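First the structure, in the form of structure tokens, and then the observations on it.
The values are calculated or read from the model by the stated rules, or taken from the named source; none is laboratory data. Everything quoted here is computed from the prediction, not taken from an experiment. Methodologically, a virtual Cβ is constructed for each residue, glycine included, from the backbone with ideal geometry; neighbour enumeration extends over all protein chains shown.
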Amino acid sequence: MAKHPADSDLRSRLIDTAIGLLAEQGPSAIQARSIAKAAQVSTMAVYSSFGGMPELLGAVADHGFRVLVAAFESAPKTGDSVTDIFTLALTHRAVAKRNPHLYDLMFGLSTRGAYRAIELETPAGSDTRSAAFQATYGHLIEASRRLVEAGRVRKDNPAVIAAQLWSFVHGFISLELAGHLIQFDDCVRDVLLPLGINMVVGLGDRPELARKSILAAASATRSAERGQAAAR
């Protein structure tokens, strides 16, 4: 049975409210009562709309992944596959910094991070990840496929390359958001860029090409950020 428009509107309202509370007050604010109060509905509305808090948290996380997908889709593309995939890495970081608590929730890092892409007891080989999560990963797989086809890295399964690249980017973002990289004047310049170069070279790219491509992505991203700041 199709959901009534009013039901969909209420679900969207509760998701938006939860995201706002996350940004303003952090994970401790993500409780059924506080979300309902901020949305000006009854606490029961949370349960009637989602079934419970875990389902609402999952919907919030999926919203975060859809935002990330939209950012990936709007990221500029060039004829350089390494520049393009590192642009996605920098885009990923920018999205995370806009709402660090939402990012933590998406990846199960916060105290309210009950969300998992799949249930821990899911049988090996099955894939029950949400469509939003799979769309996010799909962009990285496609960008990795372009790396292989361009001959910039050794031939390998693009999904494996994507997982490796996502792991290094996610690790950097998590450390930065947690404040563990404040000893660096510019942690992107001092940590992320060299790490990206080392990663791509390790996958088979030539050091001088990797450096040129990754610095091009960083330069273009910073120029775009300055333009956006000036437009505000």
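Pairs meeting the criteria (first residue in segment 153-167 and surrounded by 12 or more Cβ atoms within 10 Å (Cβ to Cβ), second residue not in a helix (DSSP H, G or I), beta carbons under 7 Å, at least 6 apart or on different chains) are Val153/Leu203; Val153/Gly204; Val153/Asp205; Arg154/Leu203; Arg154/Gly204; Ile161/Val153; Ile161/Leu203.
Looking across Thr83, Thr78, Thr91, Thr87, one residue alone is among the hydroxyl-bearing types (Ser, Thr, Tyr), under 17 Å from Ala224 (Cβ atoms) and surrounded by fewer than 20 Cβ atoms within 10 Å (Cβ to Cβ). It is Thr78.
Being touching a Pro at 6+ places or on another chain (Cβ under 8 Å), at pLDDT below 95 and not aromatic (Phe, Trp, Tyr) is a condition met by no residue of segment 74-95.
Please determine, by comparing only the residues of segment 37-58 that are in a helix (DSSP H, G or I) and in contact with a Leu (Cβ under 8 Å, 6 or more places away or on another chain), which one is surrounded by the most Cβ atoms within 10 Å (Cβ to Cβ). Steps first, please.
Taking segment 37-58 first, the residues in a helix (DSSP H, G or I) are 37-39, 43-50, 53-58.
Those left that are additionally in contact with a Leu (Cβ under 8 Å, 6 or more places away or on another chain): 38-39, 45-46, 49-50, 56-57.
Details: Ala38: 18, Ala39: 19, Ala45: 18, Val46: 25, Ser49: 20, Phe50: 20, Leu56: 22, Leu57: 23.
Per the stated criteria, the residue is Val46.
Is there any pair linking a residue in segment 125-139 that is over 9 Å from Val69 (Cα atoms) to one that is of a type in the set (Val, Ile, Thr) and modelled with pLDDT under 90, with Cβ under 7 Å and at least six apart or on different chains, and which? As it stands, the answer is Thr128/Ile118; Thr128/Thr122; Arg129/Ile118, since those pairs meet every condition given. Evaluation of Gly151 against the conditions (1) at pLDDT 95 or above; (2) assigned to a helix (DSSP H, G or I) shows that the sole unmet condition is (2). The conditions of being aliphatic (A, V, I, L, M), modelled with pLDDT of 95 or more, part of a helix (DSSP H, G or I) and surrounded by fewer than 18 Cβ atoms within 10 Å (Cβ to Cβ) are met by Ala70.
Inside segment 192-215, residues that are part of a helix (DSSP H, G or I) and either under 19 Å from the mean Cα position of the chain (by Cα) or crowded, with 18+ Cβ neighbours inside 10 Å (or both) make up a count of 11.
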